[in-house]
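Colleague: Below is the structure I would like to discuss, written out as structure tokens.
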Amino acid sequence: MASLKEQVLRRKPVGVMSEETGADAAGGEGAGELRRSIGLFQLTLFGVGATIGTGIFIVLTQAVPVGGPAVILSFVMAGTVAGLTAICYAELASAVPVSGSSYSYAYATLGEGVAIVVAACLLLEYGVSAAAVAVGWSQYLNELLDNLFGFTIPENFAQAPEQGGIFNVPAVILIVLCMFLLLRGASESAKVNAIMVMIKLGVLALFIVLGVSGWDSDNLSDFAPAGVNGITSAAGIIFFSYIGLDAVSTAGEEVKNPRKNLPLAIIFALLIVTGVYILVTVVAVAAQPAAEFKGQEAGLSAILEDVTGSSWPATVLAAGAVISIFSVTLVVIYGQTRILFAMGRDGMIQSLFHKLNPRTQTPVASTVIVAVVISLLAGVLPIDFLAEMTSIGTLVAFLVVSIGVMVLRQKQPDLPRGFKVPLYPLVPIASIGGCIWIIQDLRTVTITVFLIWSSVALLWYFFYGRHHSALNRLEQAPEGTP
């Protein structure tokens, strides 16, 4: 019988993970439990779809009052931290091309105890962020309906109880639509997501093209009114607009040629997202005085209305936001079901989450359960509370991935890798430093909730996970048992 310390530190061999998922099987398709049907283009748009959401539509109203026009540099700074982490993700995704994202990476590098805490972080990040963006969808849907048809969904059925409503019905409808699409299969979901991502990139491109005609250099004259502190504080606010790049790695078992396509998709998604964010920000701060951003609703729409003298841009941008948020919700729910799938296979949670529909190759029970839980969160909780709870889980997952790269380099230097972090070990160390820098700026209540949530995860592991773990069953099996 392994001691508690040995159980907490036991690692799942990378070779076992690759064999389970058919990562290196000839042709790839059909070799593992899930069908490998997602190509590089669709996978890249998974990352873009999960990242470009409500963030760019609303974050400038929060960040520009803090950093001024120098918020452009804040986006570069936040993108650099996210980029360092994305590069670490790219190496681990190419070495451990399985579902489960940083949960699986932690299991392979830091052991079962850390893996269960990371899994809890991911479930918090994905579940809560899906609920938060669904609440945001309700707001933009009402704006679009008002612009197009002159009516809105009654507040009682479009707001959480704390915001004066009874139940947020549009948010729940969005989650149910995503659930039905995901139940049809990963390939179908990836195709629909790709279409939605192209539409929202087109809407943001429209903002850039029209907005640049309102360029006024005077708006950039007082470039950094709060100095370096303002730039770094704004970067902390902006960083969470980059959350979602890790969604690419949750698709590890459904990607064709995963050792090559996973790292490429992560890097391509990062470049597209950063480029779009910076272009939109440059145009926005040059077209409108910094003082006008504070408390501004539908900021990008307001800028275009002022520049063009017409109200139609607000309608186009509201439509873009509705499509954008649908795309984010779809990918985030998908990612959460695949993390639960990997945990169910490992015995960390009930095997129900690991069961697949034989025809569609999708985890039906897991998808329905996730949709029900997220619907309840989105229906009754306000967006501010939900958004706060997303941040800490993401950063801890990023931190673990950066550490995992260094651990795996030491433990298994000869492991096949489709991509290697350049300037090693400077990049993972810088990524760790960036994550810690942002974590220490978080509110005390956020850190407290994280510690409580992590404690609950460890209690679950102590009473359930360590006994039902597939590795534990293997250790306890009589010698010679296959």
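Colleague: Hey, among the residues in segment 323-349 that are of a type in the set (D, E, K, R) and either at positive phi or open to solvent by less than 30 Å² (accessible area, probe 1.4 Å) (or both), which one's nearest to the chain's Cα centre (by Cα)?
Modeller: Narrowing segment 323-349 to residues of a type in the set (D, E, K, R): 338, 345-346.
Narrowing further to those that are either at positive phi or open to solvent by less than 30 Å² (accessible area, probe 1.4 Å) (or both): 338, 346.
Details: R338: 13, D346: 23 Å.
The qualifying residue nearest to the chain's Cα centre (by Cα) is R338.
Colleague: How many residues, within segment 350-370, are touching a helix residue (DSSP H, G or I) at 6+ places or on another chain (Cβ under 7 Å) and either open to solvent by 10 Å² or more (accessible area, probe 1.4 Å) or part of a helix (DSSP H, G or I) (or both)?
Modeller: Total meeting the criteria: 14.
Colleague: If you don't mind, there's one more thing I want to ask. Being part of a helix (DSSP H, G or I) and either open to solvent by less than 30 Å² (accessible area, probe 1.4 Å) or without any contact (Cβ under 8 Å) to a residue 24 or more places away in the chain (or both) narrows it down to one of I238, I278, I272, so name that one.
Modeller: Answer to the check: I238.
Colleague: Taking N142 as the residue in question, decide whether it is open to solvent by less than 20 Å² (accessible area, probe 1.4 Å) and either of a type in the set (D, E, K, R) or at pLDDT 75 or above (or both). Steps first, please.
Modeller: Working: open to solvent by less than 20 Å² (accessible area, probe 1.4 Å): no; either of a type in the set (D, E, K, R) or at pLDDT 75 or above (or both): yes.
No.
Colleague: Can you tell me which of (1) over 30 Å from P97 (Cβ atoms); (2) free of Cβ contacts under 8 Å to residues at least 12 places away in the same chain is the one A226 doesn't meet?
Modeller: In the conditions (1) over 30 Å from P97 (Cβ atoms); (2) free of Cβ contacts under 8 Å to residues at least 12 places away in the same chain, A226 misses (2) alone.
Colleague: Of the residues A186, A190, A158, A205, which single one is touching a Lys or Arg at 6+ places or on another chain (Cβ under 9 Å), on the phi < 0 side of the Ramachandran plot and either surrounded by 14 or more Cβ atoms within 10 Å (Cβ to Cβ) or modelled with pLDDT of 85 or more (or both)?
Modeller: Numbers: A190 fails: touching a Lys or Arg at 6+ places or on another chain (Cβ under 9 Å); A158 fails: touching a Lys or Arg at 6+ places or on another chain (Cβ under 9 Å); A205 fails: touching a Lys or Arg at 6+ places or on another chain (Cβ under 9 Å).
Unique residue meeting the criteria: A186.
Colleague: Tell me which residues, restricted to segment 401-445, are open to solvent by less than 50 Å² (accessible area, probe 1.4 Å), within 20 Å of Y242 (Cα to Cα) and of a type in the set (V, I, T).
Modeller: Those that are open to solvent by less than 50 Å² (accessible area, probe 1.4 Å), within 20 Å of Y242 (Cα to Cα) and of a type in the set (V, I, T): V401, V421, V427, I432, I438, I439.
Colleague: Within segment 426-440, can one find any residue that is closer than 24 Å to S18 by Cα and modelled with pLDDT under 90?
Modeller: No, the conditions are met nowhere in segment 426-440.
Colleague: A further question on this structure: Please name all residue pairs, on different chains or six or more residues apart, with Cβ atoms under 9 Å, provided the first residue is in segment 106-130 and is in a helix (DSSP H, G or I) and at pLDDT below 85 and the second residue is crowded, with 23+ Cβ neighbours inside 10 Å and of a type in the set (D, E).
Modeller: Every condition considered, the pairs that remain are E125/D246.
Colleague: From the list I52, I56, I72, pick out the single residue that is open to solvent by 10 Å² or more (accessible area, probe 1.4 Å) and either under 19 Å from A235 (Cβ atoms) or touching a Cys at 6+ places or on another chain (Cβ under 7 Å) (or both). Quick ask: steps written out before the conclusion?
Modeller: On the way: I52 fails: open to solvent by 10 Å² or more (accessible area, probe 1.4 Å); I56 fails: open to solvent by 10 Å² or more (accessible area, probe 1.4 Å).
That would be I72, the only listed residue that is open to solvent by 10 Å² or more (accessible area, probe 1.4 Å) and either under 19 Å from A235 (Cβ atoms) or touching a Cys at 6+ places or on another chain (Cβ under 7 Å) (or both).
Colleague: List pairs: first in segment 334-358 and within 20 Å of A130 (Cβ to Cβ) and free of Cβ contacts under 8 Å to residues at least 60 places away in the same chain, second among the hydroxyl-bearing types (S, T, Y) and surrounded by fewer than 24 Cβ atoms within 10 Å (Cβ to Cβ), Cβ under 8 Å, 6+ apart or cross-chain?
Modeller: So the pair list comes out as G344/S351.
Colleague: Suppose the filter is under 30 Å from Q440 (Cα atoms), in contact (Cβ under 8 Å) with a residue 12 or more places away in the chain and crowded, with 16+ Cβ neighbours inside 10 Å; does G211 pass it? Lay out the reasoning, then the answer.
Modeller: Numbers: under 30 Å from Q440 (Cα atoms): no; in contact (Cβ under 8 Å) with a residue 12 or more places away in the chain: yes; crowded, with 16+ Cβ neighbours inside 10 Å: yes.
Taking the combined requirement at face value, the residue does not satisfy it.
Colleague: Also, quick follow-up: Name the residues in segment 460-472 that are surrounded by fewer than 12 Cβ atoms within 10 Å (Cβ to Cβ) and not aromatic (F, W, Y), would you?
Modeller: So in segment 460-472, the residues surrounded by fewer than 12 Cβ atoms within 10 Å (Cβ to Cβ) come out as 463.
Hits for segment 460-472: nothing passes.
The values are calculated or read from the model by the stated rules, or taken from the named source; none is laboratory data. These numbers were taken from a predicted model, which means no experiment stands behind them. Note: ideal-geometry Cβ built from the backbone for every residue, glycine included; neighbour counts use all protein chains shown. Keep in mind that these areas ignore ligands, DNA and RNA; they rest on the heavy atoms of the full protein, side chains included. Shrake-Rupley method; radii C 1.70, N 1.55, O 1.52, S 1.80 Å.
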